[in-house]
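Q: Attaching a single structure in structure tokens format; questions to follow.
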Amino acid sequence: MSASKSFVPAPGYRKGSLTLPDGDRIPYLALGDGPLPVIYISGAGDSLTTVIDAALWLAFYFRKHLSSYRMLLLIRRQPIPHERAHS
């Protein structure tokens, strides 16, 4: 088998951020173009590797579902409010 036949391109993805009224940002990753919307809110592991850092891996991992779903993966707000960071 030649290398060109075994190569599987990763699907596309879009990175962006939503700006909150107080000026903080919520970064997001958008995957897929299917008719069914899915919103994913990352958990505690986000502090180790964010969804944005893992964008290419996630696009490849979900590639079989991206024709059926539009996925929006939200990351914790930045910066984390000081009063919540120490609780």
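The values are calculated or read from the model by the stated rules, or taken from the named source; none is laboratory data. Since we're looking at a predicted model, the values are computed, not measured. Here the Cβ is made from the backbone with ideal geometry for all residues, glycine too, and neighbour counts use every protein chain on show.
Q: Only one of these conditions is not met by residue 21: (1) modelled with pLDDT under 90; (2) assigned to a loop (DSSP other than H, G, I, E, B); (3) surrounded by fewer than 13 Cβ atoms within 10 Å (Cβ to Cβ). Which number is it?
A: Answer for residue 21: the failing condition is (1).
Q: Determine the pairs where a residue that is basic (Lys, Arg), located within the range 57-72, has a partner that is not in a helix (DSSP H, G or I) with Cβ atoms under 6 Å apart, the partner being 6 or more residues away or on another chain.
A: 63/11; 70/32; 70/34; 70/37
Q: Let me confirm something: among 35, 79, which residue is at pLDDT 90 or above and exposed (fewer than 13 other Cβ atoms within 10 Å of the Cβ)?
A: Just one listed residue meets the conditions, 35.
Q: Can you name the residue in the range 55-76 that is surrounded by 15 or more Cβ atoms within 10 Å (Cβ to Cβ) and in a loop (DSSP other than H, G, I, E, B) and, of all such residues, is modelled with the highest pLDDT?
A: Here the residue is 66.
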